[in-house]
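Each remark here refers to the structure printed beneath this line.
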Amino acid sequence: MTSMLPAREMITFVPAKDFESSQRFYGELFELTWEAEKRCQVQAGISKFLIQDYYQRDWAENSMYQLIVDDADAIWE
């Protein structure tokens, strides 16, 4: 299958009920590569997502993402 749209990447937005707390949490796990008013980018390797200072319960409770690592036990420790 080939792409009809020549996009460079696709990045999802993750809702944050408490934006500052979410920034601290993800910033301790990964790298915060930039911040702007009401949003920031989190990066782990080549993977990225945006945290936004926006929360809608129905959307947030149905949002998810998958983190794939080589050694989950080492990460957990």
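What follows draws every value from the coordinates through simple rules; no lab data is involved. What you see is a predicted model, and the numbers here were worked out from it, not measured in a lab. Glycine gets a Cβ as well: all are built from the backbone with ideal geometry, and neighbour counts include every protein chain shown.
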Debye, to nearest 20: dipole size of the chain, +1 on Lys, Arg Cβ, -1 on Asp, Glu Cβ: 420 debye
Sequence-distant or interchain residues sharing an amide H contact under 5 Å with Tyr54, placed H: which? Ala16
For the chain, built as a Gaussian network whose Cα springs stay under 10 Å, the top-fluctuating residue of Leu67, Leu29, Leu50: Leu67
Signed unit charges on C-beta, dipole axis of the chain, positive-most listed residue Ile46, Gln66, Gln56: Gln56
Sparse-neighbourhood loop hits (GluC sites (Glu not before Pro), the range 17-47; DSSP loop; Cβ within 10 Å at most 15 others) -> Glu37
Asserting the computed 222 nm helical MRE of the chain (DSSP H runs at least 4 long, -39500 (n - 2.57) per run, divided by residue count, to nearest 500) equals -6500 deg cm²/dmol
